[in-house]
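To keep things clear, I will list the structure first and then write my remarks on it.
The values are calculated or read from the model by the stated rules, or taken from the named source; none is laboratory data. Just so you know, these numbers come straight off a predicted model, no measurement behind them. A quick note on method: Cβ atoms are made from the backbone with ideal geometry, for glycine too, and the neighbour counts reach across all protein chains shown.
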Amino acid sequence: MTQANQSSTGMLALAALGVVYGDIGTSPLYAFKEAFAGAHGLAPTEPNVLATLSAMFWAMMLIISLKYVWVMLKFDNDGEGGVLALTALANRSARSAPHWKLAIATAGIFAAALFYGDALITPAISVLSAVEGLSVAAPTLEHLIIPVTVGVLVGLFFIQRHGTGSMGKLFGPVTLLWFAALAVLGLVSIAQTPSVLFALNPMHAVRFALEHPAAMFLLLSAVFLALTGGEALYADMGHFGARPVRLAWYGLVCPALLINYFGQGALVLRSAEAIQNPFYLMSPEWFMLPLVALATAATVIASQATISGAYSITLQAMRMGYLPRLFIQHTSDSQRGQIYIPAVNWMMLVGVIILVLEFGSSGALAAAYGIAVSGTMIITTLLTVFVTLMLPGRARLPLLLALAAFALLELLFFGSNLTKVVSGGWMPLALGLVLFVLLSTWKKGSTLIAAQRRKLDIPMALFISGTQPEVPRVPGTAVYLTADPTMVPSALFHNLKHFKVLHEQTLFVHVVTADMPYIEPQQRLKVSQLAPGMYDIALHFGFRQEVDIPAALEGLSAHGVELEPMAMTYFIARSNVADGPGGMSAWRCALFSWMTRQSEGAASFFNLPANQVVELGTKVML
C-alpha cells in the first residue's frame, strides 16, 4: 500500500470513530453496571464480576470482532451495508428461488421497523447516562439531570436542519479523545487490581452458566448492552469502506472498550459499593466534571450517528417502495449522503423526550434496550445465511457453521432480552409492530394501485400503433411520469380528453430503483424510440441516490434527443384512494389513504421545475 493510501485509510478510520463506533463506544457508561442492577441483578462478588466480564469479553469477540467486523463487512451490496442493503442483496440472489421473495421482504421490513426502535432509545439512554455523572461529580446537581438531558437532546435535533458538515470535522478527534480516556481510566484501575484479568478465561463464564443457568440467562440481557452498536457498524460501512472500519475497531475501539470494562470490574473488586456507577467512580475527583463533559459530547456524537442512520434507512425505504415520498433536504453541496428529513426528525425528537421523561434514568431505559437490536441481529444473520446458500463460489460449509453459531448466540440474547418486556421492553416491540404495519401497508397499497392501473390503462403498443398518429401536434416537449412503461399513463388520457393534442416530442419517463446503492451516470439512461417524436426513457438510480429527473434528462442529447428545457411540460398523476373491493381491509385502506396524503408531491420529490408541472388526479378503488 502506498503512503498516500495509508494516509487516506488512516483519515477514514479516524472519521469512522464517531459515525460507526459512537453507539457501541458509549456503552461503558451503563452496560457493566446493569449486570448488578435491578430486580435480577447479581451481587457484586468476585466470582460474579469475573463471570460477567468473561461473558462480555467473549460475546464481543464472537459477535462484534468476528461476525460483524470480519464476516458481515464482506456481505456488502456494492459497498453498502445495513439490513435493507442486505435485504436488497438477498432479493437479488432469490431470482432463482422467487418463492423466497415474500419471506425476505417481510424479514427486511421487520428489521427496518425494529431499527427505528433502537434509533429512539440510543440518544435517550446515551445522553442520560452521560449526564448522570453530575450526581457523582456534584451530588447537589442531581436535580438537573433530566432538564440538562432534555436540553441537550432538543439542541441536537434542532441543529439537524443546518447539517453536520462543520461539526462532523470534530466527531473523529472528540471520539478519539473519548476512547483514549476510556483506555487510560481502565488501565489505571487494572494496574491496581490485576487479578481482574483472570476473566479473560472463558471458564469463568462457563462455570457460572453451569452452576447458575437461570442467572446466566438473565445476565445475557446486560451483557448484550455492550454489543448494541454492532448493527450500526455494518450499516455505516458504506461511508468509509471495510478496511478503515476494521482498522479502527481492531486498532483502537475494541482494546479501549475492553480495557474500560475490565477497569470497572477491577474497581468493583476493590470496592463493591462502586457498582452504583463504576464508570465515573474510576475517575479521579479532579477529572470528574471534564469527564462528564467529554461523555456528553461522545453521546451527542453517538446520537447524531443514530439520527443520520434513521434518515438513511428512511431514504432507502422510500427508494425501495416501503414508504411514501417524504420531503428531503440535502444539507451538503459536496456530500450527497448528508440529508435531513423533517418528518423523521421531529417524530424522533418527540419520541426521545417522552422516553427520557417516562423512564427517568439510564438504568430504567436499559430495560427497554436490547430487544430491537438483538431481533435485528438475528434477521441479519438469517439473510446472510440465505445469501450464502444462493451465491456460488463461497466456502459455504465453514461460513454456514459460523453463522449457525452466531444465530444460536443471538437467539439466547434475544430470549434473555424478552424477560424485560414487562419492565419496558414492550416499547420497541410495539413501535416495531406499528412501523411494520405502516411499511407493509404502503408496499401492498402501492402494488394494488399499480395492478388497478394496469386493468384500466391500455397497452402502450396498442396506443402507438392505433391512436396517436391521428392526433394533432403542438410545439414543445411533454414528459409523462409513469410507473409501468408498457401501459399508457393515465395523465396522457386526461390530456387527450381535455386538449385533444399531443406535443411534438413526448417522453414517457419511468424511474428504476436498482437493488444496489449507486448507479454510475453513464449507466443512468436507457432510451427507446416508440414512434417519431415519442420515446420510452428509463432512468436508473441506486436506492441511496437522489432522483433528479431534469438533471438526468440532460443526458438525452448523447442519444440524439434534443431538448429545450424551457419548452418542457411535466405531466404527473396523483391517485385519490377510495375504499372498494380491491384486496385491502377498510382500516388498511384508510391508513394507506392517510399515508398518501402525507406524501410529498412528485414535482418536488423528483426535483421538477414547479412552473412546468401539470398534475392530474385519478380515483383508485382499493
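A few remarks follow.
- Breaking point among (1) more than 21 Å from the chain's Cα centre (by Cα); (2) crowded, with 22+ Cβ neighbours inside 10 Å, for L315: (1)
- Positions within region 70-118 being farther than 29 Å from A430 by Cα and either outside any helix (DSSP H, G or I) or modelled with pLDDT of 85 or more (or both), in sequence order: W70, V71, F75, D76, N77, D78, G79, A97
- In region 250-265, the residues that are over 19 Å from A13 (Cα atoms) reach residues that are surrounded by 24 or more Cβ atoms within 10 Å (Cβ to Cβ) and of a type in the set (S, T, Y) with C-beta atoms within less than 6 angstrom, at least six apart or across chains, in these pairs: G263/S189.
- Some residue of region 50-63 being over 21 Å from L408 (Cα atoms) and in the same structural domain as A404 (by TED's automatic domain parsing): yes
- Qualifying residue in region 467-486 (condition: of a type in the set (K, R), assigned by TED's automatic domain parsing to the domain that holds F592 and either on the phi > 0 side of the Ramachandran plot or under 33 Å from the mean Cα position of the chain (by Cα) (or both)): no
- Residue check for F36: surrounded by fewer than 24 Cβ atoms within 10 Å (Cβ to Cβ), among the aromatic types (F, W, Y) and modelled with pLDDT under 90: no
- Scanning region 189-214 for residues that are among the hydrophobic types (A, V, I, L, M, F, W, C) and either closer than 10 Å to M56 by Cα or surrounded by fewer than 16 Cβ atoms within 10 Å (Cβ to Cβ) (or both) yields A191, L197, F198, A199, L200, M203, A205, V206, L210, A214.
- Within region 566-593, being surrounded by fewer than 12 Cβ atoms within 10 Å (Cβ to Cβ) and either in the same structural domain as I328 (by TED's automatic domain parsing) or at pLDDT 85 or above (or both) holds for M566, W587.
- Only one entry of V245, V268 meets the criterion of being buried (at least 24 other Cβ atoms within 10 Å of the Cβ) and closer than 30 Å to D515 by Cβ, and that entry is V245.
- Among residues that are in contact (Cβ under 8 Å) with a residue 24 or more places away in the chain, buried (at least 24 other Cβ atoms within 10 Å of the Cβ) and within 30 Å of V83 (Cα to Cα), L227 is included.
- Within region 257-264, one or more residues are at pLDDT 95 or above, touching a Gly at 6+ places or on another chain (Cβ under 6 Å) and either among the aliphatic types (A, V, I, L, M) or under 30 Å from Q545 (Cβ atoms) (or both).
- Sole exception among (1) aliphatic (A, V, I, L, M); (2) in contact (Cβ under 8 Å) with a residue 12 or more places away in the chain; (3) assigned to a helix (DSSP H, G or I) for V527, by number: (3)
- If you go through region 407-440 and pick out every residue that is within 20 Å of the chain's Cα centre (by Cα) and among the polar types (S, T, N, Q), you end up with 1.
- Scanning region 519-534 for residues that are buried (at least 18 other Cβ atoms within 10 Å of the Cβ) and either modelled with pLDDT under 85 or out of contact with any helix residue (DSSP H, G or I) (no Cβ under 8 Å at 6 or more places or on another chain) (or both) returns a single hit, I519.
- Each residue in region 505-523 was checked for being in contact (Cβ under 8 Å) with a residue 12 or more places away in the chain, acidic (D, E) and closer than 16 Å to G555 by Cα, and 0 of them qualify.
- All positions within region 66-102 that are of a type in the set (S, T, Y) and surrounded by 20 or more Cβ atoms within 10 Å (Cβ to Cβ): Y68, T87
- Taken as a whole, region 182-199 holds at least one residue that is under 30 Å from G81 (Cα atoms) and of a type outside the set (S, T, N, Q).
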